[in-house]
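The values are calculated or read from the model by the stated rules, or taken from the named source; none is laboratory data. These figures come from a predicted structure and were not determined experimentally. Glycine gets a Cβ as well: all are built from the backbone with ideal geometry, and neighbour counts include every protein chain shown.
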Amino acid sequence: MNKAVALITAWGAFDDRHPESSLEDFCRHYLAREKSEVKAVPAGRFMPVTNDGILMRCIGRIFKLHTIYTVAALEGTGISNIDEYALLNTVAQLKEPRKTEAIYVALLELSTGTDKLNRLKKLGYLAEYDDKEDKRSKRLKVTAKGEKVLVVCRKRIGQLAEIMFHDLTEDDKQLAFQLLKSVDEKFTSIWQSHKGKEFEEIYKEIAVSR
């Protein structure tokens with residue numbers, strides 16, 4: 001195939017999958033693909049053998065390592081773990097949301113989120129008041145004390161992200177985000193609809209029907 005035709009074909013395929021992407025995004029993707037033609041499968045027993053499994057293992061291990069380092073990053077801030085930080089930050093971002101809204105946007109189960117919100121209120125980082133539009137609901141707002149804690153935590157969490165991806169170029173970071181953000185957006189919008197469903201049903205809905 002003519003090189004120009006091959007390039008345009010690859011660009012067209014990329015644009016179909018990522019219509020909001022720019023030409024720069026495609027170039028990063030194309031160059032990264034050319035560099036990564038040889039598949040790196042981890043050695044050892046019981047390791048994933050599909051690209052899906054290999055990618056998920058890598059993401060899972062990075063998440064686990066991030067969780068481990070988060071303990072050190074948040075030490076002395078007044079926040080115990082990443083879920084508490086996520087909840088406090090979510091309330092600040094959503095501008096006085098309902099309790100359930102904050103919990104689900106932070107990707108937490110209702111019971112777990114409620115426990116963590118109660119701790120944040122007990123610490124004086126959050127205040128709760130009646131929802132004027134719905135008397136059955138409560139709304140949350142970050143207190144002045146909570147805002148001070150957030151300033152410190154945001155700095156530490158930002159520094160942790162810098163540590164984790166220190167060896168990647170800016171182009172690599174943008175490419176990784178470009179390729180993975182659609183996964184984040186897709187499952188953020190549907191995960192609550194899967195609560196209570198059997199895994200096989202979820203699998204058929206996502207993987208078999210495509």
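Side notes on the structure shown:
- Condition met for ASN51 (closer than 30 Å to THR112 by Cα and modelled with pLDDT under 95): no
- Here ASN81 meets each of (1) surrounded by fewer than 18 Cβ atoms within 10 Å (Cβ to Cβ); (2) under 26 Å from ARG139 (Cβ atoms); (3) in contact with a helix residue (DSSP H, G or I) (Cβ under 6 Å, 6 or more places away or on another chain) with one exception, condition (3).
- When the stretch 1-19 is filtered for residues that are surrounded by fewer than 12 Cβ atoms within 10 Å (Cβ to Cβ), modelled with pLDDT under 75 and not in a helix (DSSP H, G or I), the ones remaining, listed by number, are MET1, ASN2.
- Subset of the stretch 47-76 (residues that are surrounded by fewer than 18 Cβ atoms within 10 Å (Cβ to Cβ) and of a type in the set (S, T, N, Q)): THR50, ASN51, THR67
- The lone exception for ASP171 - which of (1) closer than 30 Å to GLU24 by Cβ; (2) free of Cβ contacts under 8 Å to residues at least 12 places away in the same chain it fails: (2)
- Condition check for LEU126: on the phi < 0 side of the Ramachandran plot, in contact with a Leu (Cβ under 8 Å, 6 or more places away or on another chain), at pLDDT 95 or above and of a type outside the set (Asp, Glu): yes
- Residue within the stretch 112-131 that is part of a helix (DSSP H, G or I), touching a residue at least 40 places away in the same chain (Cβ under 8 Å), surrounded by 12 or more Cβ atoms within 10 Å (Cβ to Cβ) and touching a helix residue (DSSP H, G or I) at 6+ places or on another chain (Cβ under 9 Å) present: no
- Number of the condition not met by ILE79 [criteria: (1) at pLDDT 75 or above; (2) in a loop (DSSP other than H, G, I, E, B); (3) over 21 Å from the mean Cα position of the chain (by Cα)]: (3)
- For the stretch 20-48, filtered to residues that are among the charged types (D, E, K, R) and in contact with an Asp or Glu (Cβ under 9 Å, 6 or more places away or on another chain), the residue that is modelled with the lowest pLDDT is ARG28.
- If you go through the stretch 145-183 and pick out every residue that is more than 15 Å from the chain's Cα centre (by Cα), assigned to a helix (DSSP H, G or I), exposed (fewer than 13 other Cβ atoms within 10 Å of the Cβ) and modelled with pLDDT under 95, you end up with 1.
- Condition check for GLU201: outside the structural domain of THR90 (by TED's automatic domain parsing) and either surrounded by 14 or more Cβ atoms within 10 Å (Cβ to Cβ) or of a type in the set (Asp, Glu) (or both): yes
- Close pairs from the stretch 138-152: first touching a residue at least 40 places away in the same chain (Cβ under 8 Å), partner outside any helix (DSSP H, G or I) and of a type in the set (S, T, N, Q), Cβ under 9 Å, at least 6 apart: VAL149/THR77; VAL152/THR77
- Residue check for LYS135: exposed (fewer than 11 other Cβ atoms within 10 Å of the Cβ), out of contact with any strand residue (DSSP E or B) (no Cβ under 6 Å at 6 or more places or on another chain) and under 19 Å from ARG98 (Cα atoms): yes
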